[in-house]
Ligand SMILES: NC(=O)c1ccc[n+]([C@@H]2O[C@H](COP(=O)([O-])OP(=O)(O)OC[C@H]3O[C@@H](n4cnc5c(N)ncnc54)[C@H](OP(=O)(O)O)[C@@H]3O)[C@@H](O)[C@H]2O)c1
């Protein structure tokens, strides 16, 4: 039987690389893997996933998708990890944020195939929520407060209006080990660890709440959706909160890092988020209820403490 084709759009990003690694580590290598990049694909990634194919794609123009049709074919599963994922960057160039984060060229390409047998798994964010209460559920109204969130809501609407087989994952902050080829943006746990290990006193917000999720759990969620679709062929229209089990502030995340490492907790100075101008509005409490995720996929995400431990252990061994 021929292998099923999986395309990771944005395979060079933080999650994309972890996902390619996750797919390539499945026993028996049941999938033909391809990924897209926008910049030059990093060599460590290309070497680490030798049987995957790399394609240059520009989501703004749609340039590059035809080449995938010709030499890879219609994918059975597409995971869209590409985005301008830094809220401040979205604020600085809203037009680019909209044209990249709303995957209209990708969806139009998928609709160009005669048979509609592709599952689209799309990465959204907890920042679709307004942040005025705790533990948002999937059916709660989306009221984004910044351009990043607005572009993600527009993406969700575009996909649900135009495509019939999709899973949208509203991810919280992703924590975990560095990617195969280090990504340019700073990773939350590694950043906190660096600051505290130098003995620097640092401000941390005590009044903004998130449910950080461990990167390998996000990978496990995507693998479960992929294998479910391949095995059962049942089309889905799914929106899932993809967070960890703990609702925490940044100060609490820093305390967890300090506790695991044995750092002096007096270095952590709790401040209000309202005391700092970050150039982008940030929702206050976008903690999420993940009951639906647990019930649908039977995955229980890793606690913050264990996620921090695993992240720091990987630092030590790299
Ligand atoms: N990381 C988090 O904490 C987090 C939290 C919530 C939601 N999410 C969402 O999860 C997804 C993955 O996040 P991430 O952290 O892995 O993102 P990331 O590291 O910033 O990666 C972004 C990816 O998008 C690609 N890209 C950028 N502009 C492009 C364009 N014009 N055309 C085609 N591709 C383009 C990049 O390609 P090149 O590298 O080749 O330029 C890269 O592969 C995103 O949708 C993000 O919004 C992430």
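The values are calculated or read from the model by the stated rules, or taken from the named source; none is laboratory data. Model, not experiment: these values are computed from the prediction. Please note: Cβ atoms are built from the backbone with ideal geometry, for glycine as well, and neighbour counts cover all protein chains shown.
Determine which member of the set 189, 180, 159 is in contact with a helix residue (DSSP H, G or I) (Cβ under 6 Å, 6 or more places away or on another chain) and buried (at least 22 other Cβ atoms within 10 Å of the Cβ).
Checking each option against the conditions leaves just 189.
If a residue has to be in contact with a strand residue (DSSP E or B) (Cβ under 7 Å, 6 or more places away or on another chain), away from the ligand (no atom under 11 Å from the Cβ) and in a helix (DSSP H, G or I) to count, how many in segment 124-149 make the cut?
Adding up the residues that qualify gives 0.
Please go through segment 107-118 and give me each residue that is assigned to a loop (DSSP other than H, G, I, E, B) and in contact with a helix residue (DSSP H, G or I) (Cβ under 7 Å, 6 or more places away or on another chain), ordered by number.
118
Which residues, taken from segment 178-195, are within 12 Å of the ligand (Cβ to nearest atom), touching a residue at least 24 places away in the same chain (Cβ under 8 Å) and either part of a loop (DSSP other than H, G, I, E, B) or farther than 23 Å from residue 39 by Cβ (or both)?
Within segment 178-195, 178, 179, 181, 183, 185, 187, 189 meet the criteria.
Residues being surrounded by fewer than 18 Cβ atoms within 10 Å (Cβ to Cβ) and either assigned to a helix (DSSP H, G or I) or free of Cβ contacts under 8 Å to residues at least 12 places away in the same chain (or both): count how many of those fall in segment 234-250.
Going through segment 234-250 one residue at a time, the tally reaches 1.
Which one of 222, 159, 121 is part of a helix (DSSP H, G or I), under 21 Å from residue 17 (Cβ atoms), within 14 Å of the ligand (Cβ to nearest atom) and in contact with a strand residue (DSSP E or B) (Cβ under 7 Å, 6 or more places away or on another chain)?
Only one candidate qualifies: 222.
From the list 94, 50, 75, pick out the single residue that is surrounded by fewer than 17 Cβ atoms within 10 Å (Cβ to Cβ), more than 10 Å from the ligand (Cβ to nearest atom) and either closer than 21 Å to residue 226 by Cα or at pLDDT below 95 (or both).
The unique qualifying residue is 50.
(1) within 10 Å of the ligand (Cβ to nearest atom); (2) within 20 Å of residue 180 (Cα to Cα); (3) modelled with pLDDT of 95 or more: which one isn't true of residue 40, the others all being true?
So residue 40 meets the others, but not (3).
Step by step: first the residues of segment 167-177, then only those that are farther than 17 Å from residue 310 by Cα and not in a loop (DSSP other than H, G, I, E, B), then the one that is farthest from the ligand (Cβ to nearest atom). Which residue is that?
167
Do you know which residues across segment 79-91 are touching a helix residue (DSSP H, G or I) at 6+ places or on another chain (Cβ under 7 Å) and either away from the ligand (no atom under 12 Å from the Cβ) or farther than 19 Å from residue 17 by Cα (or both)?
Correct list: 87, 90, 91.
If we scan segment 54-61, do we find a residue that is at pLDDT below 95 and either exposed (fewer than 12 other Cβ atoms within 10 Å of the Cβ) or within 13 Å of the ligand (Cβ to nearest atom) (or both)?
no
Of all residues in segment 101-119, which are buried (at least 23 other Cβ atoms within 10 Å of the Cβ) and under 16 Å from the mean Cα position of the chain (by Cα)?
Correct list: 101, 103.
Only residues that are over 13 Å from residue 195 (Cα atoms), out of contact with any strand residue (DSSP E or B) (no Cβ under 9 Å at 6 or more places or on another chain) and in a helix (DSSP H, G or I): list them for segment 251-265, please.
259, 260
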